[in-house]
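The values are calculated or read from the model by the stated rules, or taken from the named source; none is laboratory data. Being a predicted model, the structure only gives us computed values, none of them experimental. With ideal geometry, Cβ positions are generated from the backbone for all residues, glycine too; neighbour counts draw on all protein chains shown. We work out accessible area using only protein heavy atoms, side chains counted, and drop any ligands, DNA or RNA first. Shrake-Rupley method; radii C 1.70, N 1.55, O 1.52, S 1.80 Å.
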Amino acid sequence: MAIRDKLSGNEAVAVAMRQINPGVVAAFPITPSTEVPQYFSSFVNNGQVDTEFVPVESEHSAMSACIGASAAGVRAMTATSANGLALMWEMLYIAASCRLPIVMATVNRALSGPINIHNDHADSMGARDSGWIQIYGENNQEAYDNEIMAVKIGEHKDVLLPVMNCYDGFITSHAIENIELLEDDVVKNFVGAYKPEHYLLNPNQPIAVGPLDLPNYYFEHKRNQVEGMRKAKDVILEVSKEFEKLTGRSYGLFEEYKMDEAERVVVVIGSTAGTAKAVVDELRAKGEKVGLIKVRVFRPFPAEEMAKALANCKAVAIMDKCDGFNGKGAPLFNEVCSALYFDETKPLAVNYIYGLGGRDVRVDDIEKVFSDLTEIVASGKVDDPYRYLGVVDANC
């Protein structure tokens, strides 16, 4: 039976980690992810898990320790945010290239500078091409559920890749919400025992991890890594269906909200989806054909599925909580436009950069986006596809 509780997003993720009982957790504190290892360390201290907790001197070392533990043959987990993730940069690529299914709670926060501790998606989006699977949650329940599913996804024999469980700093990480927890034994049975095929401490099959890889082999190894990412899409859906049987909670690559006959659509990631859903409900009640797509899986990006979902709408606003600094749109916008490129029927598309550094995103902001889409549909063109929502002076 489900256990009803009231938890913050960080505490919910820490509880999921306790139920998973990984072999090693290595962490260094950074706001707003600090609470995850803090809560988990109390579980270690109380004897509720038999995890080896490794307090390190930096986030680079935290990921290094997780890599060593995972390569040795045990489950390894950590949590970080913003500059902490940036300090791991070198090791992120190594974890992925070594095909180590490490799970990391990535509590999204703006990257310095200037120094800012509030939420946007610059940190994980900056790491989007490091080879990690990226799953995003809207609320505390999804943060908890995704942490559990991430283990099974990353460890699948067809995948063997590390997974980021991303959720919004403070908005999700620190806000307390009602949540349904699984019983400990249900989580234990769901994730199963970790049985890696290749690991350093196997005396019967000696291996080298992270060796020099010259031109004769490097290309093939990277291509093999890409294949794991491609196969992850089917595995994510497979694991999600299995999780739905346990909980009744349905997850896909993205959520389609009131997309039936939708002509104007917003595509968004994370907690802002909740605000956008309220606007969709309001406009639908007035008879307007609007809808929402909330992206859950950003890596691997569900391009074909996204193109199909948007095929019949007239205009789409893609909202990015980070900038791309390329002058031609931010990460989610570029991914969606790439997905639509090969489709014969494609909507008019516009990009909105919003919420940087924790700037509030209100109902009237989303209403403006839908209003702009109305004008785009009426005119049949997009005069300025690269826009900023809620900024005081775009030229500052």
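A few remarks follow.
- DSSP finds beta bridges in the range 255-350, and of those with both partners inside it, around 20 percent are antiparallel.
- Förster radius 25 Å - calculated FRET efficiency between Arg223 and Leu201 (Cβ-Cβ, nearest 0.05): 0.30
- Computed from backbone phi with θ = phi - 60° and the Karplus coefficients 6.51, -1.76 and 1.60, the 3J(HN,Hα) list for the range 233-244 is 4, 5, 5, 4, 5, 5, 5, 5, 5, 5, 5, 5 Hz; x is used for glycine and proline.
- Among the GluC sites (Glu not before Pro) within the range 26-103, those in coil by DSSP and having at most 16 neighbouring Cβ atoms inside 10 Å are Glu57.
- The residues of the range 258-368 expose, per residue, 41 Å² of accessible area to a 1.4 Å probe.
- Around the Cα centre of the range 298-396, unit charges on the Cβ atoms of Lys, Arg, Asp and Glu (plus for the first two, minus for the last two) sum to a dipole of about 120 debye.
- Packing rank of 353-366, 6-19, where each peptide gets the mean count of other beta carbons within 10 Å, highest leading: 6-19, 353-366
- Between the Cα long axis of helix 331-341 and the first principal axis of the chain there is an angle of about 70°, rounded to the nearest 10.
- Among the GluC sites (Glu not before Pro) in the range 293-371, those placed in a DSSP loop whose Cβ has at most 15 other Cβ atoms within 10 Å are Glu344.
- Cα gyration tensor shape of the range 1-153, rounded if a/c is under 1.5, else prolate or oblate by comparing a/b with b/c: rounded
- Note that the range 1-89 presents 37 Å² accessible area per residue, ligands and nucleic acids not counted, probe 1.4 Å.
- Nearest-20 debye value, the chain charge dipole, Cβ charges on Lys, Arg, Asp, Glu: 460 debye
- The chain: translational diffusion in µm²/s, Stokes-Einstein, Kirkwood Rh over Cα pairs, 20 °C, 1.002 mPa s: 99 µm²/s
- Formal net charge of residues neighbouring Tyr167 (Cβ-Cβ distance under 9 Å; K, R +1; D, E -1): -3
- Mean-position separation - Cα centroids, the range 207-248 and the range 273-331, in angstrom: 27 Å
- For the residue pairs Lys328/Lys368; Lys157/Lys195; Lys233/Lys321; Lys152/Lys222; Lys321/Lys368, the C-alpha atoms sit more than 20 angstrom apart in Lys328/Lys368; Lys233/Lys321; Lys152/Lys222.
- Relative to one another, the C-alpha centroids of the range 340-396 and the range 40-85 are positioned 40 Å apart.
- Using just its DSSP H runs of length 4 or more, each adding -39500 (n - 2.57), the chain gives a mean residue ellipticity at 222 nm of -12500 deg cm²/dmol after division by all residues.
- The DSSP beta bridges internal to the chain are antiparallel in roughly 25% of cases.
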